[in-house]
Every structure is written in structure tokens, then in C-alpha cells.
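Trainee: Please see the structure below; I have some questions.
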Amino acid sequence: MKLDVVKLVAEGFYKEALCFYSQLFSASLHPQKFTFPPLLKACAKLYYSLQGRMLHTQIVKMGFLADVYSATALGDMYMKLHLIDEALKVFDEMPNRNLASMNAAVSGFSKNGYFREALWVVKNGGFEGFRPNTVTIASLLPACESVGHGMMMHSWAIKLGVEKDVFVATSILTAYMNCKELVLAEKVFREMPNKNVVTYNAFISGILRNGVPRLVLDVFMRMMIVLGEKPNSLTLQVPG
């Protein structure tokens, strides 16, 4: 069952995966714990909250809530369905946590605009024994509500030694652009040892949103010629 469900979800056949599982469950073929994470992902993709809650009930009945992968996928599904209270309850009651589960909680709160809650998870909510990584920092940055929050995350990234990571640095740059701090954003961009197309897209988009279109062509040409980066479809859409 697991392999069939995983394959269907991986190929984007979310409804088919849920239907397949339902048929097998009706035939009294009980799933393994590893069957649930892809099914929960399918519910999140389809915004099927009712089916997600039904899977939650089955996970509890089968005793799989103690499995960190099933519990993490369950909390992540609720976050993506914007059911924050349910997600918080799952993460709060998890008997076992790992760095991935904590990052899922941080990312979920951040994407739903709850910066303070995301920060609380990092500081007080169970990161004991885990060292926050690039995913943790980059997940917090999109929810920064002020330049002060952005600077705090930037300082934290420096302390952790991950400020030069392209994923983290691009997120820091974006946070500064969102707060209209072009000088700080440009400094981060200039000091990045490695840049990719996503970095350039973020910088170009930020320049335009902050009303400095004259810099776009220079950055665009630098991407193509100096660093050898090729634009993608998103880059070409930005200047227009």
C-alpha cells in the first residue's frame, strides 16, 4: 500500500491516492505508519480538511501519533490548511520531536503570518538539543513584521554561521526589501559569495517594488554576463 500511495502522490495524483487508500481501508487492509505522510500531503494540496481530520483520527487509533514522521506530516498539513489551533495541538502533544518537526512548526507559523509564535517555537517550544539550521532561519524571515525583526534574524544567522548560505541570504535580502530597507538589502546582495537565479529574481523584484527601476538592467546584465547566470521565466516577467 505504501509504495502505491507514495507513487501516486509523488506524481501529483492526489485524489487517486486518497481514493486508493479509502478502498484498501474499506477492505480491512490496515496501513503502515509510513503510508500517512503522503496522504496528509495530498489533503494539504487539495485543501481537504475533512479527509485530513479523518486521517488524524485513524492515526490516533492506530497509535501512530508517536511516530515523528506521521505527527510532523499531520501538523504540517494543518498549517497548510490554515488550521492553526489544530496544528499547534499536534505539535504540542508530540511525544517525540526532531529538527524537521520543529522546522515544520516554525515554517507553518511563519507562512501564516505568525512571526512571534514562530519565534516562540524556536526559543521556548522544543528546540532543546537541536541546533537551528538554515531552514529554521529562512523559514522565520518571510514573517518578519519590521526591519527590527529582519535585523534580529540576520544577527542570529551570523551567530550560527549561516548568513552566507544562498538560501538564508536570499531570504534576508527579501525581508529587508519587504521592509523598504534597500541599503541593507543591497549590502546583503553585494556580500553574498554565491548567488543563483532565485537571488537575482528577489533582488530585481525588490528594486522594482521599491521604485528604483534604473538599477534593474544593470543587475540583469550582471546576472547574465559577469556571473554567467541565465534568467528564467520569472526573471523575464519581473521587469514587465
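The values are calculated or read from the model by the stated rules, or taken from the named source; none is laboratory data. A quick note: this is a predicted structure, and the numbers were derived from the prediction, not measured. We place every Cβ from the backbone using ideal geometry, glycine too, and count neighbours over all the protein chains shown.
Trainee: Having 2 or more residues that are without any contact (Cβ under 8 Å) to a residue 60 or more places away in the chain and more than 23 Å from the chain's Cα centre (by Cα) is the bar; report the helices (runs of 4 or more DSSP H) wholly within the range 1-85 that clear it.
Mentor: Where helices (runs of 4 or more DSSP H) fall fully within the range 1-85 and carry at least 2 residues being without any contact (Cβ under 8 Å) to a residue 60 or more places away in the chain and more than 23 Å from the chain's Cα centre (by Cα), they are 2-10, 14-26, 49-61.
Residues are listed down the side, and each one gets a yes or a no for (1) surrounded by 16 or more Cβ atoms within 10 Å (Cβ to Cβ); (2) hydrophobic (A, V, I, L, M, F, W, C):
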site	(1), (2)
PHE20	yes, yes
HIS56	yes, no
GLY63	no, no
ASP67	yes, no
SER70	yes, no
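Trainee: Quick check on my filter: what residues within the range 106-120 are over 12 Å from PRO132 (Cβ atoms), surrounded by 22 or more Cβ atoms within 10 Å (Cβ to Cβ) and either among the hydrophobic types (A, V, I, L, M, F, W, C) or more than 9 Å from the chain's Cα centre (by Cα) (or both)?
Mentor: Passing the criteria: only PHE109.
Trainee: What are the residue pairs meeting all of these: first residue in the range 100-114, first residue at positive phi, second residue buried (at least 22 other Cβ atoms within 10 Å of the Cβ), Cβ atoms under 9 Å, and 6 or more apart or on different chains?
Mentor: So the pair list comes out as GLY113/ALA143.
Trainee: For the range 137-160, which residues satisfy the criterion of being closer than 16 Å to GLU181 by Cβ and among the β-branched types (Val, Ile, Thr)?
Mentor: Within the range 137-160, just VAL147 meets the criteria.
Trainee: Return the residue satisfying two criteria in turn: it lies in the range 26-40 and is surrounded by fewer than 19 Cβ atoms within 10 Å (Cβ to Cβ) and out of contact with any Ser or Thr (no Cβ under 7 Å at 6 or more places or on another chain), and of such residues it is farthest from ALA71 (Cα to Cα). Write out each step before concluding.
Mentor: So the first thing to find is which residues in the range 26-40 are surrounded by fewer than 19 Cβ atoms within 10 Å (Cβ to Cβ), and the list is 26-30, 32-34.
Cutting the leftovers down to out of contact with any Ser or Thr (no Cβ under 7 Å at 6 or more places or on another chain) gives us 26-30, 32, 34.
Details: SER26: 23, ALA27: 25, SER28: 23, LEU29: 21, HIS30: 18, GLN32: 14, PHE34: 11 Å.
Filtering first and then ranking leaves ALA27.
Trainee: Something else now. Any residue in the range 170-193 that is in contact (Cβ under 8 Å) with a residue 12 or more places away in the chain and over 12 Å from SER205 (Cα atoms) sitting within a Cβ distance under 6 Å of a residue that is assigned to a loop (DSSP other than H, G, I, E, B) and among the charged types (D, E, K, R)? List the pairs, counting only those 6 or more apart or interchain.
Mentor: Pairs that qualify, where the first residue is in contact (Cβ under 8 Å) with a residue 12 or more places away in the chain and over 12 Å from SER205 (Cα atoms) and the partner is assigned to a loop (DSSP other than H, G, I, E, B) and among the charged types (D, E, K, R), are PRO193/LYS164.
Trainee: Note down all Cβ pairs under 7 Å where the first residue falls in the range 201-223 and is in a loop (DSSP other than H, G, I, E, B), the second is loosely packed, with under 15 Cβ neighbours inside 10 Å and among the basic types (Lys, Arg), and they're at least six residues apart or on different chains.
Mentor: ASN210/LYS180
Trainee: Would you confirm whether any residue within the range 121-132 is under 18 Å from the mean Cα position of the chain (by Cα), over 30 Å from PHE36 (Cβ atoms) and assigned to a helix (DSSP H, G or I)?
Mentor: Checked the range 121-132: no residue is under 18 Å from the mean Cα position of the chain (by Cα), over 30 Å from PHE36 (Cβ atoms) and assigned to a helix (DSSP H, G or I).
Trainee: Given the conditions (1) more than 26 Å from TYR48 (Cα to Cα); (2) assigned to a helix (DSSP H, G or I), and given that SER107 satisfies all but one, which numbered condition is not satisfied?
Mentor: For SER107, the failing item is (1).
Trainee: I'd like to know if the range 35-44 contains one or more residues that are at pLDDT 95 or above, polar (S, T, N, Q), touching a helix residue (DSSP H, G or I) at 6+ places or on another chain (Cβ under 7 Å) and over 28 Å from LYS123 (Cα atoms).
Mentor: Looking for residues that are at pLDDT 95 or above, polar (S, T, N, Q), touching a helix residue (DSSP H, G or I) at 6+ places or on another chain (Cβ under 7 Å) and over 28 Å from LYS123 (Cα atoms), one finds none in the range 35-44, hence no.
Trainee: Residues being within 22 Å of PRO132 (Cβ to Cβ), charged (D, E, K, R) and assigned to a loop (DSSP other than H, G, I, E, B): count how many of those fall in the range 146-187.
Mentor: Result for the range 146-187: 3.
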